[in-house]
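**Q** Quick one: the structure is below, and I'll ask about it shortly.
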2 protein chains.
Amino acid sequence: MADQNPDQGSLNCFTCQTRDRTEWCVLDDAELQLLNKGRVTKEYLPGEVIFHEGDPCRGVFCLETGMVGVRKTDADGNSVLLYLVTPGDTLGYRAMLAGEDYRASAEALEPTRICVIDVPTVRSLLGHNPALGLRYLKRVSMSLGNAEEKILHNATLSVRARFAHLLLVLIDKYGEKSTNGPTEFELPLSRHDLASMIGTTPESMSRTIKKMESDGVARFTGRIVYIPEIETLVQEFEPDHFV
Amino acid sequence: MADQNPDQGSLNCFTCQTRDRTEWCVLDDAELQLLNKGRVTKEYLPGEVIFHEGDPCRGVFCLETGMVGVRKTDADGNSVLLYLVTPGDTLGYRAMLAGEDYRASAEALEPTRICVIDVPTVRSLLGHNPALGLRYLKRVSMSLGNAEEKILHNATLSVRARFAHLLLVLIDKYGEKSTNGPTEFELPLSRHDLASMIGTTPESMSRTIKKMESDGVARFTGRIVYIPEIETLVQEFEPDHFV
DNA sequence: TAAATAAATTGACGATGGTCAAATCAAACA
DNA sequence: TGTTTGATTTGACCATCGTCAATTTATTTA
């Protein structure tokens, strides 16, 4: 009677645990049927590439378990890590909606299970259900707002301030919610990836971490961060922030 | 019998010269009627602010004549110039589609005529015509791709390489089309604004321009740039670019 | 046209942060 | 457990770029 298996995840879109957190929450049963038919599940191990910059768009990816990093690399091999994609997030929709090839690559950072929905299915759903389009419009528009904010931050803030901000964002998204007081948190990323999220080098990342420790702002043990007082991070980020 | 006046521009959406270049090109006559009713024309002088960061979204702006700059400023007064908006472009749609307040400000850089379409009208059109939503999806998605590219460039390229890239983009968008050979072009921006488009200071901008001149890459006379060979700019931007 | 205001440039200086190489640490594996 | 491999840290160095102040050049305005 078990219609889903903890080792294999959901068998279809109807029983999918993460569906309510995706854009597909606006679909009716008939549309879900269509979605389910256009769907294939794939699994990736850490380091495996889901798509490459320049590849033609294969569809939209729904992350069920694991974590994916979206990277953009230039001709000289320099790269930035743009996004972390976690369960309930959709991946690859930008290229599909823009009608372009991928302009970034996606790589599994943990063992990851993903459903791929092919392009014709997504196009058909978008053409028939305006609410789905509006959902995506909201998502892409908010994402654009965040990207623009990042452009400002990278242009005006120091590496240290950008790192403080990154910590706040990571804790807010993936950590326990606690506005103030001491916080412990496990970073989901290597030093190298932390660096490429804020547009710097692993060496500068190391030195920034060391400096923050000596200043008593945070303590780092491997990927564990201990922050005595979250508010100090906010002050790092906004020098003239006051209560 | 003249249904439009060169000094006042189009009187309505039906006779609007720039409509075909906007998202509204997918609307039928009934929808145009609605659009026209939700529309108010406004004029701005250089320096006048159209909307401020933090303001609630007032609608979507259609630029008929002139030029608008979209800026983002932080608490310390540092700012970046994110976009130049020219006739046929739409403005302010990001906030509207994200359902957020404005996260950037818009300011006229030249005498500018703009039609403002109120939020309910845009919402209504989006809800009824899926093609309009798809148009906006494409626009926002491409914009997001460009923003992500900018994040990579700002993180990995020098001020000089970023400026070379900016020149190429400006010439491509607002200049005569010529892939190779000498090009003359009038920059639409002050040194200060050029600087804030690539996330640097006016001082560094000046020095970069001076260096480029002494290297024979380009000559600057006020806002006029003369580039003996466009290809050299491409090489500045992609060090290992070859034909 | 002269005076006033703003924009752009130049100079001097220093800090931030990138690069390269070496050392240390951690983790995977035989 | 010893070994190998990769990740992280540290050191030394210096180029790029930002900051501040002063000057020159344009642009307005009276």
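The values are calculated or read from the model by the stated rules, or taken from the named source; none is laboratory data. What you see is a predicted model, and the numbers here were worked out from it, not measured in a lab. Cβ coordinates were reconstructed from backbone atoms using ideal geometry, including for glycine residues, and neighbour counts include every protein chain displayed.
**Q** Residues in the stretch B:155-162: is at least one modelled with pLDDT of 95 or more, of a type outside the set (D, E, K, R), under 21 Å from the mean Cα position of the chain (by Cα) and crowded, with 20+ Cβ neighbours inside 10 Å?
**A** Checking the stretch B:155-162: not a single residue is modelled with pLDDT of 95 or more, of a type outside the set (D, E, K, R), under 21 Å from the mean Cα position of the chain (by Cα) and crowded, with 20+ Cβ neighbours inside 10 Å.
**Q** Just to be sure before I move on: is B:R58 basic (K, R) and touching a residue at least 60 places away in the same chain (Cβ under 8 Å) in the structure I sent?
**A** yes
**Q** Another one. Cβ contacts < 8 Å: first residue within 19 Å of A:D76 (Cβ to Cβ) and away from every other protein chain (no Cβ under 14 Å), restricted to the stretch B:226-243; second residue in a loop (DSSP other than H, G, I, E, B) and at pLDDT 90 or above, any location; separation 6+ or different chain. Result?
**A** Filtered contacts from the stretch B:226-243: B:T232/B:V217; B:L233/B:V217; B:L233/B:A218.
**Q** Still on this structure, I have one more. Of the residues A:V60, A:V40, only one is in a strand (DSSP E or B), at negative phi and within 14 Å of chain B (Cβ to nearest Cβ); which?
**A** A:V60
**Q** Considering only residues that are exposed (fewer than 15 other Cβ atoms within 10 Å of the Cβ) and away from DNA strand D (no atom under 16 Å from the Cβ), which ones fall in the stretch B:218-234?
**A** Listed by number, the residues that qualify are B:P228, B:E231.
**Q** Looking at B:A155, B:A147, which one is facing chain A (nearest Cβ under 9 Å), in a helix (DSSP H, G or I) and more than 13 Å from DNA strand D (Cβ to nearest atom)?
**A** B:A147
**Q** As an exercise: evaluate B:G127 against (1) of a type in the set (G, A, S); (2) more than 9 Å from chain A (Cβ to nearest Cβ); (3) closer than 28 Å to B:Q33 by Cα and give the number of the one condition it does not meet.
**A** Single failed check for B:G127: (2).
**Q** Which residues, counting only those in the stretch B:158-169, are touching a residue at least 60 places away in the same chain (Cβ under 8 Å) and either over 25 Å from A:T201 (Cβ atoms) or at the interface with chain A (Cβ under 7 Å from one of its Cβ atoms) (or both)?
**A** Within the stretch B:158-169, B:L167, B:L168 qualify.
**Q** Also: With respect to A:T208, is the statement that it is over 24 Å from A:E107 (Cα atoms), modelled with pLDDT under 95 and not assigned by TED's automatic domain parsing to the domain that holds A:V60 true?
**A** no
**Q** Residues B:L35, B:L97, B:L84: which one is of a type in the set (A, V, I, L, M), part of a strand (DSSP E or B) and buried (at least 16 other Cβ atoms within 10 Å of the Cβ)?
**A** Sole residue among the options that is of a type in the set (A, V, I, L, M), part of a strand (DSSP E or B) and buried (at least 16 other Cβ atoms within 10 Å of the Cβ): B:L84.
**Q** If a residue has to be near DNA strand D (Cβ under 10 Å from one of its atoms) and part of a helix (DSSP H, G or I) to count, how many in the stretch B:197-217 make the cut?
**A** 8
**Q** Continuing with this model, one more query. If you check B:L144, B:L137, B:L126, which single one turns out to be in the same structural domain as B:D29 (by TED's automatic domain parsing) and either surrounded by fewer than 19 Cβ atoms within 10 Å (Cβ to Cβ) or at pLDDT below 95 (or both)?
**A** B:L126
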